[in-house]
Every structure is written in structure tokens, then in C-alpha cells.
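Notes follow once the structure below has been shown.
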Amino acid sequence: MSDKTSNQMWGGRFAAGPDAIMEAINASIGFDKRLAAQDIAGSRAHAAMLAATGIVDSNDVEAIREGLLTVLSEIDEGRFVFSTALEDIHMNVEARLKDLIGAPAGRLHTARSRNDQVATDFRLWVRDQCDAAEEGLLALMRALVTQAEAGADWVMPGFTHLQTAQPVTWGHHMLAYVEMFARDLSRIRDARARMNESPLGAAALAGTGFPIDRHMTADALGFDRPMANSLDAVSDRDFALEFLSCASICAMHLSRFAEELVIWSSAQFRFVTLSDRFSTGSSIMPQKKNPDAAELIRAKVGRIFGANVALMMVMKGLPLAYSKDMQEDKEQVFDAADNLMLALAAMEGMVRDMAANVPSLERAAASGFSTATDLADWLVRDTGLPFRDAHHVTGALVALAEKKGCDLPDLTLDEMKSVHEPITEAVFGVLGVHNSVASRTSFGGTAPARVREQVARWKDTLG
């Protein structure tokens, strides 16, 4: 593409073409070509509106429509030649349209600017990513519910400070992540609803004197309404920031679960076995089975967090309305969206494939005096001790068990009575891990009965 051709796209304002450095820093086609489908959809809606309002002759608009479909097919089939001299996807499409249909192509840009055009394209693209994230989250949540249903009775240790705290059920642990990802889903849906307003027709920043119908183009593109202020329409990137914020929180949840899978699949824990599809071996240690997919999910949080911060920094000092700084909005969002979708898919696959080692889970649940709280609660209920006194008695019994090298249920009744005389044989009914989890029947508790209720609720919700 010659400088002369490039300058013609700008009109007569510039007599000389930009040098190579300016072309390199100014061009965005290397990444914004991903907006091609959205750009052509926006142009088709705009052209239809121009015909309906009588601003452009219907014959010209029909030629534009057919030409845009040809351009889209060329891009989809990999036959389209992108030019950095034409800077961005908008100019590339318009230049090719002119090659195909001639003069009518020049009428397409009537009553709009690249400012509202890119704002519309980008908003459509981010909206599509919200839809993709929703599907990914729903699939992951269904996989977790399946695991929860299978393991409603399986006992495992619940941790605080990564130390054994109290027994819980596998199903209860899986459902904790369902709740987290449900909040992510709610945030994504909420963000999508808020961003679903159309910038198209705001033109450069002040609107246009042409008798356009912004409601028509908004409807055609699936927006709820046009944006109400033209300055805001072209300068707003809240929709992208909100998507990145939602993605960051979701990625944090994915990373927490990934960290647990790394720990659980280790030789020291042996809580789960991850499938070969999501693990790798070592180049020199044949016994190794590395949880690489989980580790990579854990790492991707940094890229997604970084994208959020980067776009915040781009936007924080910009006066209204549009500035070229905003060209730097897309690469960060593209990268974050790609990595979020990949992480969601990988986590769903790992959850569906992973196998819990039930005996190992149960052994670990019974270790570390995990039923000490059950003992303290029993002392309150059955002997009338205030909880703080019961806590002290239980601590003394734990110390006795430690000294003997056994767990609480292995102490004899006489040994327990030596610490607190009112203890009876009934205490042994609360010390087993299965008894412990079965007793936690409060709403939201870990008891298998409560887990099954929540599984039924989520199966009904998720379909």
C-alpha cells in the first residue's frame, strides 16, 4: 500500500505519509483484526439504517451490504490481506469494500466516526466474551455438582491455615466452589446487562446532524438502547474494565482451586488422581506425574490481573472524549479473555476427570484431632460446661492423646474421666469423623443430608 493510497483514506489534510516508526506505533491492525466480525456487523446495521432514513440511496446500501458479506467471507476463509498502512480493521474493511463496489463504499461512513465505530465493535466483542464466560462457568459448575453428588458421604479434612481443622464432606468442599463460581456468573451477567447499550451514532463525540435512527441500529445489534450521551459513548471503556474485574475475581477463584489440586495430587497428600489428559511427566524422573494444567491456571491469574491494572492505567488520566491512548485497550482485554476461557475449560476438564482417593481422604480427616470441636460441643450439651471450660477440658484431652501418641477416639473412658469426671461412654458417639459430619446439620453445613439438598438445588438451577 503506497503512502498516496494511505493518505487518500485521510483526505487532503496530510501531504506526506508517516514514516515507518509512526506507522508502527500508530497501527493496530495486528491485533484489532479480531474485531472483524463485529466491525462488519456494525457497518451492516449502520448501512441499513442509512437506507431506512433516506440518508443514503437504497441501491448504494444494497451494494454495501453485498460487499461487506464478501469481505467477511474473505476474512473467514483467510484470503483477506491486512495492511498496516491502513492502520486498523475499520480502514482495512472500508478500503477492501471500495475495491469491490467502488464509489458507494464511500457513503458507508456517513453520520459516523471511527470513534463510535470502534466503541461499538469493542463493546460487541466484549459482550460476546461475557457470553462465552457464562457458558464456561456453567459447564464448570455442572462438573463440580457431579463431583459433589458422588461424594456427598465421603469424609475429608477441612482446613484452616492449611492445618486439619474439622472433618467435612467431599461434596461440601466441591459445593463451596460452586458458590464462588455462581457469584462470578452473576457478576458476568450483571456486567453484560450494564454494557448492553449502543455507542453507534455518537459519531466523533458530539452526535451528528444527519437524521439517523440510533434505536434502529441498537436493536439490530442486540443492544437494549442507545447510549444517552455522545461524549460518554465514545470515551467509555467501563465495559472492558468491568469485564476484566469480573475475570480477575473468577481467575482468583480458579487459582485457589488449582492450588488445592496441586496439593491434593501430591505424593504427600494423595487425595486425588488427575487424568493423564491434564498432567505431564518428567524428562528425567519416570515416577513423576505433574499437575501442569493446574499450575498453568494458577499462573494465568497474573496475566489477567495485569490486564486489569494496565487498562486502568491507560484510562485514568484521559480527558473527554477520545484519545489515541485508548487504542491500547484491546490487547490487554483480548489476552485476558483468551486466558480466562482457556482456564475455565481446563478446570472443567480436570474436575470431570479427577478421581478422589476416598480412603486417603478419610484417613486424613481422622488425623490431627479433627473431632476436638465435636468433643467440646458434647461437653457443653451433655455435661453442662460453659464452652470456654469445655474448650479447656478438650485441650487437656488432646494433650493427653498427644502424649500417648494416639487420637482422641483411642483414649479410654477412664483416661477421659481422669481429666473430667462427668464424661460418659456416650462421648464416643461423637468422636468418629462420620458422626462429626453427620451432626453438622445447620443450614449450609457439611452433613450429607444438607449436601444432597444443595446438590438438588443446583441441579435444578443449572439444568
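The values are calculated or read from the model by the stated rules, or taken from the named source; none is laboratory data. No experiment lies behind these values; they were computed from the predicted model shown. Ideal geometry is used to build each Cβ from the backbone, glycine not excepted, and the neighbour counts take in all protein chains shown. Ligands, DNA and RNA are stripped out before the accessible areas are found, and what is left, the full protein with its side chains, is counted by its heavy atoms. Shrake-Rupley method; radii C 1.70, N 1.55, O 1.52, S 1.80 Å.
The figure for Lys316 is an accessible area of roughly 150 square angstrom, using a 1.4 Å probe on the protein chains alone.
Measuring only protein heavy atoms, the 1.4 Å probe finds Leu100 accessible over about 70 Å².
Estimated at 0.36 nm per residue, the fully extended path between Asp57 and Asp99 surpasses their Cα-Cα distance by 13.2 nm.
When His161, His420 are compared by accessible surface with a 1.4 Å probe, the order from highest to lowest is His161, His420. For the cross-link pairs Lys330/Lys459; Lys289/Lys459; Lys33/Lys316, the ones whose C-alpha atoms lie over 30 Å apart are Lys330/Lys459; Lys289/Lys459. Could you state the angle between the C-alpha long axis of helix 448-462 and the longest principal axis of the C-alpha atoms of the chain, as a value from 0 to 90 degrees rounded to the nearest 10? Roughly 10 degrees between the two axes.
A straight line joining the Cα centroids of the range 51-109 and the range 329-345 runs 29 Å. Computing FRET efficiency as 1/(1 + (r/R0)^6) for Thr412 and Asp153, where r is the C-beta to C-beta distance and R0 is 45 Å, gives about 0.95.
Annotation: for a label point projected 7 angstrom from Cα along Cα→Cβ of Phe31, residues of the range 113-131 with backbone N closer than 16 Å are 119, 122-123, 125-126.
Under 12 Å from the Cβ of Leu311, count the other residues' Cβ atoms, weight Lys and Arg +1, Asp and Glu -1, and hand me the total.
Residues close to Leu311 contribute a combined charge of -4.
Can you give me the Cα centroid spacing of the range 407-463 and the range 234-263 in angstrom? Centre-to-centre distance over Cα atoms comes out at 36 Å.
For the range 122-167 versus the range 354-370, the inter-centroid distance based on Cα atoms is 21 Å.
Summing Lys and Arg as +1 and Asp and Glu as -1 over all other residues whose Cβ lies under 11 Å from the Cβ of Asp374 gives a net charge of +1. Using a probe of 1.4 Å on the protein chains alone, the accessible area found for Glu94 is around 40 Å². The residue among Cys250, Leu205, Leu320 whose Cα reaches farthest toward the positive pole of the charge dipole of the chain, with charges on the beta-carbon of Lys, Arg, Asp and Glu, is Cys250. Relative to the longest principal axis of the Cα atoms of the chain, the long axis of helix 114-150 makes an angle of roughly 20 degrees. Ranking of Tyr177, Tyr322 by solvent-accessible surface, largest first: Tyr322, Tyr177 (1.4 Å probe, protein heavy atoms only, all chains present).
Taking a ≥ b ≥ c as the square roots of the Cα gyration tensor eigenvalues, the range 20-107 comes out prolate, since a/c reaches at least 1.5 and a/b is larger than b/c. Between helix 238-264 and the chain there is an angle of about 30 degrees, using the helix long axis and the longest principal axis of the Cα atoms.
Counting only protein chain heavy atoms and rolling a 1.4 Å probe, the accessible areas of Val81, Val351, Val168 rank, largest first, as Val81, Val168, Val351.
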